[in-house]
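These notes are about the structure you will find just below.
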Amino acid sequence: MKIRDARSLPAIAQQDLRQKAIKAVLDGKKQVEVAKIFGVTRQAVGKWVKAYREEGTQALKAKQRGRPRGGS
């Protein structure tokens with residue numbers, strides 16, 4: 001069985017994964033169960049839940065990736 005690495009997904013797919021995981025936790029599933037379902041670590045789910053509780057859905061949005069352009 002090949003393990004899926006969420007880091008290789010496009011940013012919008014990662015955002016969707018985070019939103020679905022949060023919905024599952026809010027619906028009553030345990031974080032460990034959600035991690036197994038979505039193929040991520042329990043710690044990742046815990047970080048997403050904490051960020052969601054502190055900042056709301058804005059915390060789950062995809063951010064710009066990679067090294068910043070420009071500079072000196």
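Annotations for the structure displayed:
- Expressed as a whole percent, the accessible surface of the chain that belongs to carbon and sulfur atoms is 51, based on a 1.4 Å probe.
- Accessible area (Å², per residue) of the range 3-53, counting only protein heavy atoms and a probe of 1.4 Å: 69 Å²
- More than 20 angstrom apart: percent of Cα pairs within the range 16-72: 30 percent
- Lysines whose Cα lies under 17 Å from that of residue 63, excluding same-chain neighbours fewer than 8 positions away: 47
- For the chain: relative contact order, % (alpha-carbon pairs under 8 angstrom, 6 or more apart): 31 percent
The values are calculated or read from the model by the stated rules, or taken from the named source; none is laboratory data. This structure is a prediction, so every number in the text was calculated from the model and none was measured. With ligands, DNA and RNA removed, areas are computed over all heavy atoms of the protein, side chains included. Shrake-Rupley method; radii C 1.70, N 1.55, O 1.52, S 1.80 Å.
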